[in-house]
Amino acid sequence: MQGSGSFSSRETRLAATSFSEDFRAEFSGKHEDHISLFSTSKMNSMWPVIFGTSPYMSPLAYMLTRALFATIFLVILIGDAIRTDSWYFLIYLTRWSFIVETVYLVFATYVSYRSWVKIKDGGLSSEYQPAKLPWYVRCMYLLWSIALPVSITVCLAFWTLLHPIWNTKLKVNDPVYTIFEHFVNMLFFLVEFGLSRNAFHLKHTSALHVYAIIYTAFTVVHFYLRLGVSRTLDCRKYLGYKSIFDCPVYPVLDWHHPGATLIVLFGTILVMTLITFAIWCLRRKFSSGGCRVAPQSSPMLAVC
């Protein structure tokens, strides 16, 4: 029993040390065994495998799966835009995020296509050399760093802050679009996370926080310019404002009450940060905490 306890303690220390080293490596600058967004890295030369293939299906099947996802999102996005008769369609974080998610899937489909062609033609070398990522892979990677965590954050915020799911009298407008854009989209991205080998590094999720800051700034501009909301979402009855142009984008982000709004913002950003960290931990676990380059004959590669 003592030996078993000693072994367990040693394993725990090793796991903690490995986690600490991986976490420090995320912010330690250039790392040849990590994907590098703007500079050169040896691992960048393996982008066709890392960003364009799945360990569970062939490159062609994965490309077609991503194309199907992109088509579904495009249909929902276009249908939602057509049914909305004003520019107010673009004031909501849900629409901003859904556009990001749709554009990601379009880029991911194209990256899968380029990967499929490259692997099929034998263009993947087993001796990887320092390289820069192609522009379309960089775009996909940045969008991925935003789209996955924001799809989860928007879902949680919508069904807790705006339309609490525990409300027995819950009623949502346009349930098909609402449920897809605030729940089903998250399921699609969780499936994409499970199927893909996409890299996910904490140091690159700064794009997500920039995105959050930009949207927060937009809500402030919206408030001071008194842009209001569409008449179908008139807030005067339940917020008591005299003009529809005083209505905030969201009742919980009402700059008439900056104290409460800041609490909601900081709380949401904290949750988003925790979600991002959880995604990194899961990706790290699935990749066994390291990178391995496979020979040319096999597209299997640990995520980096």
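The values are calculated or read from the model by the stated rules, or taken from the named source; none is laboratory data. Just so it is clear, the model here is predicted, and its values are computed rather than measured. For neighbour counting, all protein chains shown are included, and Cβ atoms are generated from backbone atoms with ideal geometry for every residue, glycine included.
Might you check whether a residue that is among the charged types (D, E, K, R), touching an Asp or Glu at 6+ places or on another chain (Cβ under 9 Å) and at positive phi occurs anywhere in the range 216-228?
yes
Within the range 114-209, considering only helices (runs of 4 or more DSSP H) that don't extend past its boundaries, which have at least 3 residues that are of a type in the set (Ser, Thr, Tyr) and farther than 18 Å from residue 281 by Cα?
Numbers: elements: 135-157, 175-179, 185-195.
Counting at least 3 such residues, we get no helices (runs of 4 or more DSSP H) at all.
Do we find that residue 132 is out of contact with any Pro (no Cβ under 8 Å at 6 or more places or on another chain), of a type in the set (Lys, Arg), more than 28 Å from residue 109 (Cα to Cα) and surrounded by fewer than 17 Cβ atoms within 10 Å (Cβ to Cβ) in this structure?
Here the answer is no, as residue 132 does not meet what is asked.
So which of 235, 281 ends up being under 30 Å from residue 58 (Cβ atoms) and either in contact with a Pro (Cβ under 9 Å, 6 or more places away or on another chain) or of a type in the set (A, V, I, L, M, F, W, C) (or both)? Walk me through it before giving the result.
Numbers: 235 fails: under 30 Å from residue 58 (Cβ atoms).
281 is the lone residue from the list that is under 30 Å from residue 58 (Cβ atoms) and either in contact with a Pro (Cβ under 9 Å, 6 or more places away or on another chain) or of a type in the set (A, V, I, L, M, F, W, C) (or both).
Tell me which of these residue 66 doesn't satisfy, since it passes every other one: (1) modelled with pLDDT of 95 or more; (2) touching a strand residue (DSSP E or B) at 6+ places or on another chain (Cβ under 9 Å); (3) charged (D, E, K, R).
In the conditions (1) modelled with pLDDT of 95 or more; (2) touching a strand residue (DSSP E or B) at 6+ places or on another chain (Cβ under 9 Å); (3) charged (D, E, K, R), residue 66 misses (2) alone.
Just give me the residues in the range 26-63 being part of a helix (DSSP H, G or I), modelled with pLDDT under 90 and within 20 Å of the chain's Cα centre (by Cα), in sequence order.
26
Go through the range 246-304 and give me each residue that's modelled with pLDDT under 90 and aromatic (Phe, Trp, Tyr).
Matches in the range 246-304: 286 only.
Report yes if residue 72 is β-branched (Val, Ile, Thr) and closer than 19 Å to residue 192 by Cα, otherwise no.
Values: β-branched (Val, Ile, Thr): yes; closer than 19 Å to residue 192 by Cα: yes.
The answer is yes for residue 72.
Can residue 179 be described as in contact with a helix residue (DSSP H, G or I) (Cβ under 9 Å, 6 or more places away or on another chain) and free of Cβ contacts under 8 Å to residues at least 24 places away in the same chain?
Numbers: in contact with a helix residue (DSSP H, G or I) (Cβ under 9 Å, 6 or more places away or on another chain): no; free of Cβ contacts under 8 Å to residues at least 24 places away in the same chain: yes.
For residue 179, the condition - in contact with a helix residue (DSSP H, G or I) (Cβ under 9 Å, 6 or more places away or on another chain) and free of Cβ contacts under 8 Å to residues at least 24 places away in the same chain - is not met.
Give the residues of the range 57-97 that are small (Gly, Ala, Ser), surrounded by fewer than 18 Cβ atoms within 10 Å (Cβ to Cβ) and either touching a Ser or Thr at 6+ places or on another chain (Cβ under 9 Å) or more than 30 Å from residue 220 (Cβ to Cβ) (or both), sorted by residue number.
Taking the range 57-97 as the starting set, the residues that turn out to be small (Gly, Ala, Ser) are 58, 61, 67, 70, 79, 81, 86, 97.
Among the residues that remain, those that are also surrounded by fewer than 18 Cβ atoms within 10 Å (Cβ to Cβ) are: 58, 61, 67, 79, 81, 86.
Once the filter is applied, which keeps residues that are small (Gly, Ala, Ser), surrounded by fewer than 18 Cβ atoms within 10 Å (Cβ to Cβ) and either touching a Ser or Thr at 6+ places or on another chain (Cβ under 9 Å) or more than 30 Å from residue 220 (Cβ to Cβ) (or both), the range 57-97 yields 58, 61, 67, 79, 86.
Return the residue satisfying two criteria in turn: it lies in the range 221-251 and is out of contact with any Phe, Trp or Tyr (no Cβ under 7 Å at 6 or more places or on another chain) and of a type in the set (Ser, Thr, Tyr), and of such residues it is surrounded by the most Cβ atoms within 10 Å (Cβ to Cβ).
By that ranking, first place goes to 250.
Name every residue in the range 247-284 that is polar (S, T, N, Q) and under 25 Å from residue 190 (Cα atoms), in order of residue number.
Of the residues in the range 247-284, the ones polar (S, T, N, Q) are 261, 268, 273, 276.
Result: 268, 273, 276.
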